[in-house]
Amino acid sequence: MAEKHMFVSDLDGTLFRSDRTFSDKDLERLRLLGDMGVTRVLATGRSVFSLMRSVPSPLPFDYLIFSTGLGISHYPANSEGLMKSHGLSADQTKHVARVFRELALDFMIHDPLPDNHGFVYDHPSGCNTDFMTRVGYYENHCRVLDLNGNACGPSSQFIAMVRNGRGLQVFSDLKQRLPGFNVIKTTSPFDGKTLWIEVFPENVSKGSAVLWLASELGIDRKNIAAVGNDYNDEALLDVAAKAYVVENAPDDLKQRYVVVAANDRNGVSHAVREAFGVD
């Protein structure tokens with residue numbers, strides 16, 4: 001393989017199976033790519049803390065894009081530390097918090113990197129099960145936002161969790177009200193139904209992170225392949241020359257990208273075969 005190539009995989013719903021385990025075949029195909037000299041990148045919405053909590057043993061990847069592109073590092077983490085990181089200023093944090101409170105959203109404001117697994121939260125609905133599940137997951141790393149709604153900026157990102165079919169309208173409203181930010185949506189990894197709306201610095205996405213890393217490594221965009229499963233993978237899939245979604249992805253994404261097998265049926269292996277002709 002004369003030219004340099006890159007393969008990028010999402011984690012939840014893509015490489016992770018429904019039971020939170022990995023396919024031996026998928027892992028073996030990733031190792032094979034390493035033997036072929038292909039740069040392997042794990043691109044996840046999880047923080048490093050969340051990733052290590054769920055996947056303590058290293059996977060066969062060379063680089064990690066975490067928190068949807070807020071940070072880029074070698075994988076597993078080593079003494080070289082972060083290669084690139086982003087965040088929201090104190091003024092940006094206060095602005096977004098004000099908009100979220102005006103819309104009475106249940107939301108979280110995450111601390112700056114490298115401690116972005118910590119957050120403050122506001123829960124005005126008082127009855128958002130998905131929201132409280134996540135609060136419980138991070139019970140030792142979260143605090144209630146004070147009564148005045150003051151955000152302790154700077155921060156890294158916002159997450160709002162919207163139930164009862166309101167999600168798409170709220171997403172559209174936030175896109176209009178927050179120019180200069182990257183507003184994305186994804187499906188909750190907890191209940192598989194609640195819409196999560198995330199706000200990042202304008203230049204943050206899995207796609208922009210992949211392009212930056214590819215440039216640093218001297219990899220042409222035409223040699224990037226990627227596989228994902230949800231809306232927070234769109235920017236990643238749009239920059240890849242070969243873009244795939246697993247069969248368990250939403251129907252509208254399956255109309256836009258090449259469909260491979262579901263995450264429970266070796267979807268990553270299928271994408272590797274389609275992209276590199278190896279079985």
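Readers should treat all values here as calculations from the given coordinates under stated rules, not as data from a laboratory. Because the structure is predicted, anything quoted here is derived from the model rather than measured. Quick reminder, even Gly has a Cβ in these numbers, built from the backbone with ideal geometry, and neighbours come from all protein chains shown.
The angle between the Cα long axis of helix 24-35 and the main principal axis of the chain comes to about 70°, on a 0 to 90 degree scale.
Sorting GLU234, GLU274, GLU216 from the fewest to the most surrounding beta carbons within 10 angstrom yields GLU216, GLU274, GLU234.
Please give the FRET efficiency for LYS4 paired with ASP279, using the beta carbon to beta carbon distance and R0 = 22 Å, rounded to the nearest 0.05. Using R0 = 22 Å, I get an efficiency of 0.50. Spin-label model, THR133/GLU216: points 7 Å from Cα along the beta carbon direction are separated by 3.4 nm. Note on the chain: Cα-only Rg and Dmax are 18.3, 60 Å.
Given R₀ = 25 Å, what would the calculated FRET efficiency be for ASP91 paired with ASP115, taking r from the Cβ atoms and rounding to 0.05? Please report the intermediate quantities before stating the final value.
Values: r = 20 Å, r/R0 = 0.82.
Rounded to the nearest 0.05, the efficiency is 0.75.
Each residue, VAL144 and ALA241, gets one label point 7 Å from its Cα in the Cβ direction; the gap between the two is 5.5 nm.
Rg to Rh for the stretch 215-279: what is it, with Cα atoms only and Rh by Kirkwood? Each step should come with its number before you reach the end.
Numbers: Rg = 11.7 Å, Rh = 11.9 Å.
Checking Rg against Rh, the ratio lands at 0.98.
Suppose R0 equals 25 Å; then what is the FRET efficiency for ASP191 and MET52 from their Cβ-Cβ distance, rounded to the nearest 0.05? FRET efficiency, ASP191 to MET52: 0.60.
Give the lysines whose C-alpha is closer than 19 Å to that of LYS175, dropping any in the same chain fewer than 8 places away, or say none. In chain and number order, the partners are LYS94, LYS185, LYS206. For the stretch 90-201, the mean projected area of the C-alpha convex hull, equal to one quarter of the hull surface, is 6.4 nm².
Here the stretch 1-129 has an Rg and Dmax of 17.8, 57 Å, counting Cα atoms alone. How about LYS254: which aspartates and glutamates have a C-alpha closer than 20 Å to its C-alpha, ignoring those fewer than 8 places off in the same chain? Candidates past the 8-residue exclusion: ASP10, ASP12, ASP230, ASP233, GLU234, ASP238, ASP264, GLU274.
Using a 10 Å cut-off around each Cβ, can you sort PHE61, PHE107 from fewest to most neighbouring Cβ atoms? If you can, show how the numbers build up before the last one.
Numbers: PHE61 23, PHE107 27.
Ordered from fewest to most neighbouring Cβ atoms within 10 Å, PHE61, PHE107 come out as PHE61, PHE107.
With springs only between Cα atoms under 10 Å apart, run a GNM on the chain and tell me which of ILE159, ILE219, ILE72 wobbles the most. Greatest mean-square fluctuation among the candidates belongs to ILE219.
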